Structure formats: structure tokens, C-alpha cells
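First up is the structure itself, then whatever we jot down about it.
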Amino acid sequence: MSETSGFLRRPGGERLAWRRVTGAGPTVVWLSGYRSDMAGTKAEAIAAWAEARGHGYLRFDYFGHGASSGDFLQGSITRWREDALAVIDELTEAPLVLVGSSMGGWLACLAAMARPQRLHAMVLIAPAPDFTAKLMPATIPPEGMAAIREAGVWLQPSEYGEPNPITRLLLEDGARWSILDAEAPITVPVRILQGGADPDVPWRHALELAQALKSEDVVFTLIKDGDHRLSRPQDLARIVAAVTEAAG
């Protein structure tokens, strides 16, 4: 099966870019991380798997990400959750396997809780639920917090190149969607892959999510020397194996 692409129209004239492999089985839906997009290594590896197996697969870019329209600084968990639900509602029909990386793991959980009847299974890679409250603030120095209060945004230096903008909107809005303070009503099988050397999402944070899920069928895999990206060949092989199991 070859991959097709297009844009999903959204309110305000915005457009979400998507790519899709039409195929059999539960549809695998990829949800990227914060400031990541659907052309990343992990998303591409799953696309190759889907094309080789003739399996349904959909990936997309959130508002302000990748090939989609929008100002990233106006993005929020609320908006990106709405993007995920719009893509699920308008571009998929079969039962779903949601595959979320980092922030995408949080959004996958929020989508699963909003559309439980559509869910078949989940694969979460270095999931970062509640990161706007439980992880991100600890990385912001006093001068960064001052900039957020006064200007609404702080440009956090990044080892990956361009600064990482952190907005007041993101931090305040994220608090609305906390899922770690109570049982998360997700009952389908869930596979979690987490790097033990992840500097961005500590493995204990991902384990906290595993323990919060209502599902009894949760497998937590700790890749002891794995980083946050989990994009080495051996990591990609583990991810594809987990997706294969979840989609089976």
C-alpha cells in the first residue's frame, strides 16, 4: 500500500497535514511529541511497517507543527487534543491503536479517554503526561519564569539547535488536563517503552502513568541505556514489535 497525504480543514482557516496508509486491521494512529512532527524517525519506521504489511496507519501534524498551519506560540494541550480528536473522527473508521511519543503519549491518553469506544490498544513511548506541571517548571530558571509572567513566553536554550519556546498559555492550559492525580479510565492493553537514561522524562514518571492506568494489561519496558528519542535501530525494532503486538 502506498501512502497518501492531504490536509484536514480546521476552524479559523487552519489546516492539519496528514499522511495515511489504507490497509487492514485496527488503524494505527501516530501522535508526535512536543515540537516534533510526523516525519520523524519513529513515525517513518511505523509507516514502513504499515506499508510492508498492508496495515492501516495515519499520522498527522498538530496545529503549529510540521507541515500544518498555525503559530506554535498559540498552541496548547487543549488545542492539540482537539486536533487529535478531529483527525480520529474525520479520517478513521476502524478500531484504533494509538501510538504516542512524549507529549503524544499524554495526548493519546486524553484521546483514548474521550473516545473509549474506538480504542483497541495503545503504545506509549517515553510518555510525558502532565509535563506542563510536573516536568517543565523544574527546567525553567527564575529569569525564565519572569519572562513567562511578563512577556508570555520564554525561549529556553536547546541542545538540538533552535530555542524551545515555553508559553504561559501552555503551562496554564496544561493544568486542565492532568491525568496522574487519579485513576486514568483506560482499560485496553497498553505497552509502554521508556529509556532509563532519558533526561527529559524520568523513567519513574512514565511508571507513574503505568500505575495510574485502569487497564490490567499494561507492560512497562525499561530500556536501561535508552534516551528520550528512542530512535536507535534497536529502539525502533522494539517499537515496531510493540505496535505489531498491539495491532494483532
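None of the figures in this text is laboratory data; all of them are computed from the coordinates on show. Predicted model only: the values in this text are computed from it and were never measured. Note that we place each Cβ from the backbone using ideal geometry, even for glycine, and neighbour counts take in every protein chain shown.
Find the relative contact order for region 31-101 and round it to a whole percent, using C-alpha pairs within less than 8 Å whose residues are 6+ positions apart.
So the answer I get is 34 percent.
What ranking do Tyr34, Tyr160 get, fewest neighbouring Cβ atoms within 10 angstrom at the top?
Tyr160, Tyr34
Based solely on its DSSP helices, what 222 nm [θ] is calculated for the chain when runs of n ≥ 4 H residues each add -39,500 (n - 2.57) and the sum is averaged over all residues, nearest 500 deg cm²/dmol?
Calculated at 222 nm, the ellipticity per residue is -10500 deg cm²/dmol.
Just to confirm a number: summing +1 for Lys and Arg and -1 for Asp and Glu over residues other than His228 whose beta-carbon lies under 13 angstrom from that of His228, what do you get?
-2
Does region 1-47 classify as rounded, prolate or oblate by the C-alpha gyration tensor (a ≥ b ≥ c root eigenvalues; a/c under 1.5 gives rounded; else a/b over b/c gives prolate, otherwise oblate)?
oblate
Treating the angle as unsigned and between 0 and 90°, give the value, to the nearest 10°, between the Cα long axis of helix 142-151 and the longest Cα principal axis of the chain.
So the inclination is approximately 90 degrees.
GluC sites (Glu not before Pro) within region 153-233: which are DSSP loop residues with at most 13 other Cβ atoms inside 10 Å?
In loop regions of region 153-233 (DSSP not H, G, I, E or B), the sparsely surrounded GluC sites (Glu not before Pro) are Glu159, Glu183, Glu216.
With a 10 Å Cβ neighbour count serving as the proxy for reagent exposure, in which order, fewest first, do Ser32, Ser101, Ser2, Ser231 appear?
In order of increasing Cβ crowding within 10 Å: Ser2, Ser231, Ser32, Ser101.
For Gln74 and Val153 in the same chain, what is the full-extension length gain: residue separation times 0.36 nm, less their Cα-Cα distance, in nm?
Using 0.36 nm per residue and subtracting the Cα-Cα distance, I get 27.4 nm.
Where does each of Thr4, Thr92, Thr139, Thr27 land when they are ranked from fewest to most other beta-carbon atoms within 10 angstrom?
Thr4, Thr139, Thr92, Thr27
Normalising by the residue count of region 82-139, find the relative contact order in percent from Cα pairs under 8 Å and 6+ residues apart.
37
Answer with one residue from Ala147, Ala114, Phe131: the one whose Cα lies farthest towards the positive end of the charge dipole of region 57-175, charges on Cβ with Lys, Arg +1 and Asp, Glu -1.
Toward the positive end, the furthest listed residue is Ala114.
Give the relative contact order (percent, whole number) for the chain; include only Cα pairs under 8 Å separated by 6+ residues.
Result for the chain is 17 percent.
Starting from 0.36 nm per residue, how many nanometres of slack lie between Asp181 and Ala133 once their C-alpha separation is accounted for?
My answer for the length gained is 16.1 nm.
May I ask for the net charge around Pro11, where only other residues with Cβ less than 15 Å from the Cβ of Pro11 are counted and Lys, Arg are +1 while Asp, Glu are -1?
Taking every Cβ under 15 Å from that of Pro11, the sum is -1.
Going by the alpha-carbon gyration tensor, a ≥ b ≥ c the square roots of its eigenvalues, is region 145-202 rounded (a/c under 1.5) or, if a/c is not under 1.5, prolate (a/b greater than b/c) versus oblate?
Oblate is the answer for region 145-202, as a/c is 1.5 or above yet b/c matches or exceeds a/b.
GNM on the chain, C-alpha springs below 10 Å: top fluctuator among Gln194, Gln234, Gln211?
Looking only at Gln194, Gln234, Gln211, the largest GNM fluctuation is found for Gln234.
Trypsin sites (Lys or Arg not before Pro), restricted to region 124-231: which are DSSP loop and have at most 16 other Cβ atoms within 10 Å?
Loop-located and lightly packed - Lys214, Lys224.
What FRET efficiency, computed as 1/(1 + (r/R0)^6) with R0 = 25 Å and r the Cβ-Cβ distance, is obtained for Arg232 and Leu85, rounded to the nearest 0.05?
For Arg232 and Leu85, the calculated efficiency is 0.20.
Under 25 °C and 0.890 mPa s, how fast does region 1-125 diffuse according to Stokes-Einstein, given a Kirkwood radius computed over C-alpha pairs? Answer in µm²/s, whole number.
174
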